[in-house]
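Engineer: Below you will find the structure I want to go over with you.
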Amino acid sequence: MGLDIVVENLSYFEYFMTLLKGKNALITGASRGIGRAIALRFAQEGANVGFTYLSSAAQAEALQTELESYGVKVKAYQSDASDHAAAEELIKNFTTDFGSIDAVVNNAGITQDGLLIRMSEEQWDKVLNTNLKSVFNLTKAATKIMMKQKSGSVINMTSVVGVKGNAGQANYAASKAGIIGFSKSVALELGSRNVRCNAIAPGFIETEMTEKLDPKTVETWKEGIPMKRGGSAKEVADCVVFLASDMSTYMTGQVLHVNGGMYT
Ligand code: NAP
């Protein structure tokens, strides 16, 4: 009985998609892949979404239009997450545009793979700055506001590679392991202010980032996954929704593994 009566005057989205209703969320690196899926799931759940991109302007514009169709406030920002001053400026602009900052998803990330023996200083710096320094930049600026609000959720995108290591990805693994230590420390510092900080560690997720991998490596990875498949960006995004929502208000300092059972 109940359901038909309760939803009679509500659209599907109004009834089911309310986990983030009214929250203002900022997602870095959302023009493609996992970030894009997070932005879509957030808008579907009623969040107002600010998102960043680095160079994919056309994709960002298309995403903005798609997100607006959910009836939420949306703004795209071109901003380099690895640039400290730009990150501070971004948080300032976001807060002016949206009024508050309830969730920050530090998703922007890159790979520049190579065996250590051949890895250049430039490859090391680029990956560490984009993946790890960016998390420091955005978290520091955003949590200043969250502390005043006495609420907020920071969600940092790490990786199974940051937990296990991976040959040919010493720079990427170091950046992702660093994110875990950083997230746990921030959780300890800010727990008493009701500001939470968690990390999500996806396993093998099928996006443009993984399309670059050698197909033989991909097959070996899949064979080693108990669920025998890669994950989708939406499957990661669903977990990010949980960590940004009031479904996880007593959860901080954790790493949520989304990997089809790898290394369990
Ligand atoms: P992707 O498809 O390559 O997308 C990367 C996104 O980051 C793009 O939107 C890109 O913007 C943005 N970006 C790159 N550098 C940036 C910078 N300096 N400032 C702002 N934005 C920047 O990557 P993905 O596979 O979705 O991965 C997303 C996150 O999940 C990354 O942190 C990655 O390490 C992590 N992860 C991925 C996997 C996987 O299997 N795919 C597994 C574990 C963890 P432009 O389009 O403008 O360049």
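The values are calculated or read from the model by the stated rules, or taken from the named source; none is laboratory data. Just so it is clear, the structure is predicted and the values come from calculations on it, not from any experiment. No Cβ is skipped: glycine too gets one built from the backbone with ideal geometry, and neighbour counts run over all protein chains shown.
Engineer: Only one residue in Thr249, Thr220 is modelled with pLDDT under 95, away from the ligand (no atom under 12 Å from the Cβ), surrounded by fewer than 17 Cβ atoms within 10 Å (Cβ to Cβ) and not basic (Lys, Arg), so which one is that? I'd like the intermediate steps shown before the answer.
Structural biologist: Working: Thr249 fails: modelled with pLDDT under 95.
That would be Thr220, the only listed residue that is modelled with pLDDT under 95, away from the ligand (no atom under 12 Å from the Cβ), surrounded by fewer than 17 Cβ atoms within 10 Å (Cβ to Cβ) and not basic (Lys, Arg).
Engineer: Sticking with this one: Take the residues in the stretch 163-184 that are touching a Gly at 6+ places or on another chain (Cβ under 8 Å) and within 14 Å of Asn198 (Cβ to Cβ); name whichever of them is farthest from the ligand (Cβ to nearest atom).
Structural biologist: So, considering only residues that are touching a Gly at 6+ places or on another chain (Cβ under 8 Å) and within 14 Å of Asn198 (Cβ to Cβ), the one farthest from the ligand (Cβ to nearest atom) is Lys184.
Engineer: Also, I was wondering about something else. Could you list, in sequence order, all residues of the stretch 104-129 that are away from the ligand (no atom under 16 Å from the Cβ) and outside any loop (DSSP other than H, G, I, E, B)?
Structural biologist: Leu116, Ile117, Arg118, Glu121
Engineer: Checking Lys234 against (1) within 23 Å of Ala177 (Cβ to Cβ); (2) not in a loop (DSSP other than H, G, I, E, B), only one condition comes out false. Which one?
Structural biologist: Of the numbered conditions (1) within 23 Å of Ala177 (Cβ to Cβ); (2) not in a loop (DSSP other than H, G, I, E, B), the odd one out for Lys234 is (1).
Engineer: Could you list, ordered by first residue, the pairs with Cβ atoms under 8 Å in which the first is in the stretch 22-50 and farther than 22 Å from Thr96 by Cα and assigned to a helix (DSSP H, G or I) and the second is within 9 Å of the ligand (Cβ to nearest atom) and hydroxyl-bearing (Ser, Thr, Tyr), at least 6 apart or interchain?
Structural biologist: Gly33/Thr207; Ile34/Thr207; Gly35/Thr28
Engineer: Report yes if some residue within the stretch 136-159 is part of a loop (DSSP other than H, G, I, E, B), within 14 Å of the ligand (Cβ to nearest atom) and not charged (D, E, K, R); otherwise report no.
Structural biologist: yes
Engineer: Restricting to the stretch 51-88, what's the tally of residues that are part of a helix (DSSP H, G or I) and either under 24 Å from Thr139 (Cβ atoms) or out of contact with any Ser or Thr (no Cβ under 6 Å at 6 or more places or on another chain) (or both)?
Structural biologist: We begin by selecting, within the stretch 51-88, every residue part of a helix (DSSP H, G or I); these are 57-68, 84-88.
Filter again for either under 24 Å from Thr139 (Cβ atoms) or out of contact with any Ser or Thr (no Cβ under 6 Å at 6 or more places or on another chain) (or both), leaving 57-58, 60-68, 84-88.
Adding up the residues that qualify gives 16.
Engineer: Right, another one. Part of a loop (DSSP other than H, G, I, E, B) and either free of Cβ contacts under 8 Å to residues at least 40 places away in the same chain or surrounded by 22 or more Cβ atoms within 10 Å (Cβ to Cβ) (or both): is that true of Lys228 in this structure?
Structural biologist: Numbers: part of a loop (DSSP other than H, G, I, E, B): yes; either free of Cβ contacts under 8 Å to residues at least 40 places away in the same chain or surrounded by 22 or more Cβ atoms within 10 Å (Cβ to Cβ) (or both): yes.
Against the criterion (part of a loop (DSSP other than H, G, I, E, B) and either free of Cβ contacts under 8 Å to residues at least 40 places away in the same chain or surrounded by 22 or more Cβ atoms within 10 Å (Cβ to Cβ) (or both)), Lys228 qualifies.
Engineer: Additional query: Looking at the structure I just gave you, is Phe204 modelled with pLDDT under 95, closer than 22 Å to Arg41 by Cβ and in contact with a helix residue (DSSP H, G or I) (Cβ under 8 Å, 6 or more places away or on another chain)? Break it down into steps so the answer makes sense when it comes.
Structural biologist: Values: modelled with pLDDT under 95: yes; closer than 22 Å to Arg41 by Cβ: yes; in contact with a helix residue (DSSP H, G or I) (Cβ under 8 Å, 6 or more places away or on another chain): yes.
It is true that Phe204 is modelled with pLDDT under 95, closer than 22 Å to Arg41 by Cβ and in contact with a helix residue (DSSP H, G or I) (Cβ under 8 Å, 6 or more places away or on another chain).
Engineer: A further question on this structure: Between residues in the stretch 95-109 that are touching a residue at least 24 places away in the same chain (Cβ under 8 Å) and of a type in the set (D, E, K, R) and residues that are within 16 Å of the ligand (Cβ to nearest atom) and not in a loop (DSSP other than H, G, I, E, B), which pairs lie under 6 Å by C-beta distance while being six or more apart or on different chains?
Structural biologist: Going by the 6 Å Cβ cut-off, the qualifying pairs are Asp97/Lys75.
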